[in-house]
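Read the structure below first, then the notes.
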Amino acid sequence: MMTTIAEMPAGFADKVIAAQSTFRTVMDAMARPGSVQLIRAVSGVPAPMMRGAAAIALTLFDQDTPVWLDEKLATSGDVIKWIKFHTSAPVIADAAGSSFAVIADPTSLPEFDRFALGSPEYPDRSTTIVIQVASLSEGPAYRLSGPGIDGVTVLRAAIGVPDLADRLAENACRFPRGIDLLLVSGESIVALPRTTQFVAQEG
Amino acid sequence: MNAPTYNFAYLDEQTKRMIRRAILKAIAIPGYQVPFASREMPMPYGWGTGGVQVTAAILGPDDRLKVIDQGSDDTTNAISIRKFFQKTAGVAVTTSTVNATVIQTRHRIHEAQLGAHQVLVYQVPIPEPLRFLEPRETETRRMHALAEYGLIHVKLYEDIARFGHIATAYAYPVKVNARYVMDPSPTPKFDNPKMDNCEALQLFGAGREKRIYAIPPYTTVQSLDFEDYPFEPYKHKACCALCNAADSYLDEIVTDDKGSRMFVCSDTDYCETRQAQGHRGSENASPFAESRHA
Amino acid sequence: MYVAVKGGERAIENAHRLLAHERRGDRSVPEVSLDQISNQLSLAVDRVMTEGSLYDRELASLAIKQARGDMIEAIFLLRAFRATLPRFGSSEPIDTAQMQVRRRVSSTFKDMPGGQVLGATFDYTHRLLDPALMGEASPEQPSVVAEAEPGVMPRVTDILGRDGLIEPSPVEDPEHQVGDITRDSLSFPADRDLRLQNLARGDEGYLLALGYSTQRGYGRNHPFAGEIRVGEVSVEFVPEDLGFAVPLGSITLTECQMVNQFKGSDTEAPCFTRGYGLAFGQSERKVMSMALVDRALRARELGEDVKAPAQDEEFVLSHSDNVQSTGFVEHLKLPHYVDFQSELGLLRKLRKEFAEANEAPTPMQEAAE
C-alpha cells in the first residue's frame, strides 16, 4: 500500500515554537535524569510511533543524523516515509553508524555495543536511543543517582528491556564512552544519560 | 536586492538542531567539551558568540532573559546582547536575577542562589583548561581521554613554589563529577564554589573555539588544589560602599588620582535589591593605601 | 557620593548614529554607489567575496561601503549574512579546464596550447602614481583582444600529467564525502578538502606571510608557478527531482597550480607534487600564497619532516580566519574588570608577603648576599 504525501501524518503545526518547547522538555529530562517530563507540542504520528517519540524526531533529527529503527518500526513503511519526509534523516541499516535509534519493541533491544559508543577522544559521537515503553508512572521501582539528581530519586516504570540494570551498569563502566537513553511513554519522557546509576529497588 | 529576514532567535532551525544535539551530549558527559559547528554571528567572535548561540538554541517565547557582563546588566556588551534577543526573539527581558529563567553571563556568577527553574549560560573565550600548558588540540584531547591531568597539577604546584600560593585568580580550573577538568570561563575564583552541587543547569558556549559543555544540576564541581594547599576562595577585605554587603564580589572604583579607591558590588541587581531593602554602605570614597615596599 | 554608571543603552545608540555620520563623511561630497565600488574597486570586492565565502558582488560592495573600506569588517558582514542563508544543496564540481580564460600565465613553459595570455595585470606596470587619475580619467579603449580558441586551453598540470611527470590530481571518492568547515567543527588531523576550504577563507595577508616563509626556507618546497588562470567558469546543480545538471550561471575564478619538487620511492617513479589555490574573482596573490601553503601542509602525507610553521597544520588552520582573529584580539576592548580585580587582589597579597619577608631578612639571606 502506498502512502501519498497528502495522506501522511502532519509534522508540527508551528515548527519553530514546537521544536523549541520539545527541546526544552528533553533538555530538562536530560539534566534531571529520572524526572518524568511532559512533551506538549502536538504533531501527527505514524503508527506505531508514540507522540513523544514523534516530537523528539521532529525536534532533533535531520539530514546530519543517521537514524536506526528497530524491526517493528522499520517494517512499517509509513514510519520510514514519515521520518524521511519531515526530517530528511537518512534511515540506515547499521546501528553502529546511527546518531539516534528508535525502539518500539523494548524486549528486542540489541546490545548497546551494536550502537555507536563514541571514542575516548570524542565520547559525544554516540547513539542516543529513544525507547518506547509501556509506562513511566507504574511498574517496578528503580533507584537512580548521579549528576542531575539530588541524592537519590525513584522511578516507577514498565520499561520491558531485559537486564536493563545490568546493561546500564556495563554502560557506566565505559564512561566517558556510552549510550544515552530517552524513555518515552505516550507524551511522557524520562532520560537516562550514561552518568546515571540505575538499580532495581529491593523488595 | 531583498532585505534579509531572520528566524526566531536569529539562528535557522537546522543550526538550532545541531546546537541542541550538542547541548544534550554535553549534559550527558559533564565537563566534556562537545565540538559544534559554530556559526558566524552578527557580533564579533570573542564577544559572546558561543553564549549567544546556546541562548538562541534554548530560548522560547515564555522565557525571561537576563544578560550580565562583569556582574552588571548595564555594561555595553550586556545591553547589546540583551537588545539582540529582544529584537530577534521578542523575548521578555529582566534585570532581576530571581525572575529570570535564562541568564547569560560573561565573567561572573551572580550572588543570588540559582534555582531549579533557571539555566545559566556562560560565554567562554578559551574552553580548554589545558590550552596554556599544551597548545595542541590533538594533545589536550588525548589528555582528557585518558584523564591525564598531571600537567595542570604541576603548573599549580610551580605557582606555590614561586609565589607561595596558587597564582590563578580567575578561570580557576575545576574537576566536574570527579572526571573532566574544566575551565569555568574567566569568572573570578570567588565564584567557583557556586558551581558545585548547583540546583540549576549550567551551559557553556565557546563560539570561536566551537565547543559546548555543561554541568548538570546537583553535580560535584571541585576546584583543583592540594591537601596541603587547599583551594581558598578570594575574599575582599572591604564591604560594598553602596549596600554594605560583606559577602559579594566587589569592583574597585578609582575615585581620584591620589590613591583613593572604593569598593562596590559587581552584581548590580544584588546591590540594588539590598539598597531597596534599606541597606546602606559608607557611600564615601575612602583612601585606599597600596601596600608598598622599597 | 558615588553613583554607578548608567545609560549604556543611550551611549550605544549615540555611538551607532555617530558611526553612520562618520561613514558618510562630508555630505557635500557625492555618496559612493555600489556600482562604483563593484566596478572601480573590483579587486576589493573579489577579496571580500573570497574570504566572506559568498559570491555576490552587490552584497560585497554594500559590505565594503558599510564597513568604510575596512576589509576585514566587510568580510565579517558578508559572513554573518551568509550564515543565515538556507542551503539547497551543493553544486557539481566546477571544471576549470573549461574556463573562459581572460588571463593565463605559466612560468614553466615558454609556450603551450592556448599560449600565454597576459590580460589585465599590474605585473609590468611601473608603480608610478598616475596624476591622470586625480581627476576623472578616461583611459584609452583596449585594443581588440584576439578571441581565445575554444577548447584549446588545457591546464599545464594536465599536460605534465599525461606523461606522469606530476602526481595525479586527487579523484572524487564516493566513500569519502567532501567535508564542510562551515557546518562541522574542524578536528585534527584534517584532510586536504578541509584544509583547502580553510585556506580559501583564510586571510590573504596571513597566507602571504606563510607562503613567503616557505620560500625563505621555512619548509621550502621548490615551487614553480605551473599556471595561474583567471576567467569564467560555469556552475551546475543537479536538482533531486530532475536528476540531471542544470546551469546556474557563471562565476569568475582565479586558480593557481603550483608545481613543486618531486617525490618518489623504491616502488614509485619520481614525479612533481602539487600545491593548489582557488579564489573568487581575480585574486592572484591569494591563490599563489594558498598554493604554497597547501603544498607545505601536505608534508605529513608526503612523508616530509614537519618543522616549519607553514607545515604545522594545527597552527596554520587554527589562526587563518581573520574574522575569528579580529574578534578575539579586539575583545580585549570589552570590560575585564572582574578578572582584573581578581588578579589585582592576588598581586597585592603576593607583594605584601614579599615586603614582609624583605623587611625581616633571615640571617641565611644576609649570608647569601
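The values are calculated or read from the model by the stated rules, or taken from the named source; none is laboratory data. Nothing here was measured: the structure is a model prediction, and the numbers come from that model. Ideal geometry is used to build each Cβ from the backbone, glycine not excepted, and the neighbour counts take in all protein chains shown. Quick note on the areas: whole protein, heavy atoms, side chains included, nothing else; ligands and nucleic acids left out. Shrake-Rupley method; radii C 1.70, N 1.55, O 1.52, S 1.80 Å.
The table below gives the values:
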quantity: Of all residues in the range B:98-112 being assigned to a loop (DSSP other than H, G, I, E, B) and more than 24 Å from C:F340 (Cα to Cα), the one that is most open to solvent (accessible area, probe 1.4 Å); calculated: B:V98
quantity: Filter result for the condition that a residue is in contact with a Cys (Cβ under 9 Å, 6 or more places away or on another chain), on the phi < 0 side of the Ramachandran plot, touching a residue at least 40 places away in the same chain (Cβ under 8 Å) and in the same structural domain as C:V316 (by TED's automatic domain parsing), over C:L196, C:L165, C:L186, C:L210; calculated: C:L165
quantity: Among (1) open to solvent by 10 Å² or more (accessible area, probe 1.4 Å); (2) under 15 Å from the mean Cα position of the chain (by Cα); (3) within 14 Å of chain B (Cβ to nearest Cβ) - the single one A:A18 does not satisfy; calculated: (2)
quantity: Unmet criterion (only one of (1) touching a Gly at 6+ places or on another chain (Cβ under 9 Å); (2) buried (at least 22 other Cβ atoms within 10 Å of the Cβ); (3) touching a residue at least 60 places away in the same chain (Cβ under 8 Å)) for A:I131; calculated: (3)
quantity: Residue in the range B:33-48 that is closer than 26 Å to C:E330 by Cα and away from chain C (no Cβ under 12 Å) present; calculated: no
quantity: Complete set of residues in the range C:324-352 that are within 13 Å of B:Y170 (Cβ to Cβ) and not small (G, A, S); calculated: C:H336, C:Y337, C:V338, C:D339, C:F340, C:Q341, C:E343, C:L344, C:L346, C:L347
quantity: Filter result for C:K263 (touching a residue at least 60 places away in the same chain (Cβ under 8 Å), under 28 Å from B:R136 (Cβ atoms) and open to solvent by 20 Å² or more (accessible area, probe 1.4 Å)); calculated: yes
quantity: Search result, residues across the range C:180-203 that are in a loop (DSSP other than H, G, I, E, B), closer than 24 Å to B:E139 by Cβ and more than 11 Å from chain B (Cβ to nearest Cβ); calculated: C:D191, C:G202
quantity: Matching residues, the range C:86-101, being surrounded by 11 or more Cβ atoms within 10 Å (Cβ to Cβ) and hydrophobic (A, V, I, L, M, F, W, C); calculated: C:I94, C:A97, C:M99, C:V101
quantity: Filter result (closer than 20 Å to B:E232 by Cβ and of a type in the set (A, V, I, L, M)) within the range B:177-205; calculated: B:V181, B:M182, B:M195
quantity: Of all residues making up the range B:258-272, the number that are of a type outside the set (D, E), within 11 Å of chain C (Cβ to nearest Cβ) and in contact (Cβ under 8 Å) with a residue 60 or more places away in the chain; calculated: 3
quantity: Residues satisfying the stated conditions in the range C:24-46, i.e. open to solvent by 80 Å² or more (accessible area, probe 1.4 Å) and of a type in the set (D, E, K, R); calculated: C:D26, C:R27, C:E31, C:D35
quantity: All positions within the range C:57-72 that are open to solvent by less than 50 Å² (accessible area, probe 1.4 Å) and of a type in the set (D, E, K, R); calculated: C:K65
quantity: Filter result for the condition that a residue is surrounded by 23 or more Cβ atoms within 10 Å (Cβ to Cβ), over 30 Å from A:F175 (Cα atoms) and among the hydroxyl-bearing types (S, T, Y), over B:S38, B:S80, B:S72; calculated: B:S72
quantity: Within the range C:154-179, tally of residues that are open to solvent by 100 Å² or more (accessible area, probe 1.4 Å), part of a loop (DSSP other than H, G, I, E, B) and more than 30 Å from C:R82 (Cβ to Cβ); calculated: 2
quantity: Some residue of the range C:33-43 being farther than 30 Å from B:R39 by Cα, at pLDDT below 95, more than 13 Å from every other protein chain (Cβ to nearest Cβ) and part of a helix (DSSP H, G or I); calculated: no
quantity: Cross-chain or 6+ apart pairs with Cβ under 8 Å, the range B:246-257 first and away from chain C (no Cβ under 11 Å), then of a type in the set (S, T, Y) and open to solvent by 30 Å² or more (accessible area, probe 1.4 Å); calculated: B:S248/B:Y270
quantity: Selection count, the range B:154-200, where residues are small (G, A, S) and closer than 20 Å to B:G51 by Cα; calculated: 3
quantity: Helices (runs of 4 or more DSSP H) within the range A:36-109 that include 1 or more residues open to solvent by 10 Å² or more (accessible area, probe 1.4 Å) and among the β-branched types (V, I, T); calculated: A:77-87
quantity: Meets criteria (surrounded by 10 or more Cβ atoms within 10 Å (Cβ to Cβ) and in contact with a Pro (Cβ under 8 Å, 6 or more places away or on another chain)) for C:G119; calculated: no
quantity: Wholly within the range A:164-203, strands (runs of 3 or more DSSP E) carrying at least 3 residues that are open to solvent by 10 Å² or more (accessible area, probe 1.4 Å); calculated: A:197-200
quantity: Per-region count, the range C:321-334, residues within 7 Å of chain B (Cβ to nearest Cβ) and open to solvent by less than 20 Å² (accessible area, probe 1.4 Å); calculated: 4
quantity: Residue that is nearest to A:A172 (Cα to Cα) [pool: residues in the range B:160-171 that are small (G, A, S) and more than 7 Å from every other protein chain (Cβ to nearest Cβ)]; calculated: B:A171
quantity: Matching residues in the range A:31-58 - criterion: being modelled with pLDDT of 95 or more and β-branched (V, I, T); calculated: A:V36, A:I39, A:I56
quantity: Sole exception among (1) over 23 Å from B:D69 (Cα atoms); (2) more than 14 Å from chain A (Cβ to nearest Cβ); (3) open to solvent by 40 Å² or more (accessible area, probe 1.4 Å) for B:Q275, by number; calculated: (1)
quantity: Test: residue in the range C:10-21 that is within 14 Å of another protein chain (Cβ to nearest Cβ), small (G, A, S) and over 21 Å from the mean Cα position of the chain (by Cα); calculated: yes
quantity: Hits in the range C:309-339 - residues which are touching a residue at least 40 places away in the same chain (Cβ under 8 Å) and assigned to a loop (DSSP other than H, G, I, E, B); calculated: C:H319, C:S320, C:D321
quantity: Residue tally, condition within 14 Å of chain C (Cβ to nearest Cβ), farther than 16 Å from B:H110 by Cβ and part of a loop (DSSP other than H, G, I, E, B), over the range B:172-218; calculated: 6
quantity: Answer from C:E255, C:E304 - the residue that is of a type in the set (D, E, K, R) and either assigned to a strand (DSSP E or B) or within 13 Å of the chain's Cα centre (by Cα) (or both); calculated: C:E255
quantity: The listed residue being facing chain C (nearest Cβ under 10 Å), more than 30 Å from C:R183 (Cβ to Cβ) and at pLDDT below 95, out of B:Y234, B:Y229; calculated: B:Y234
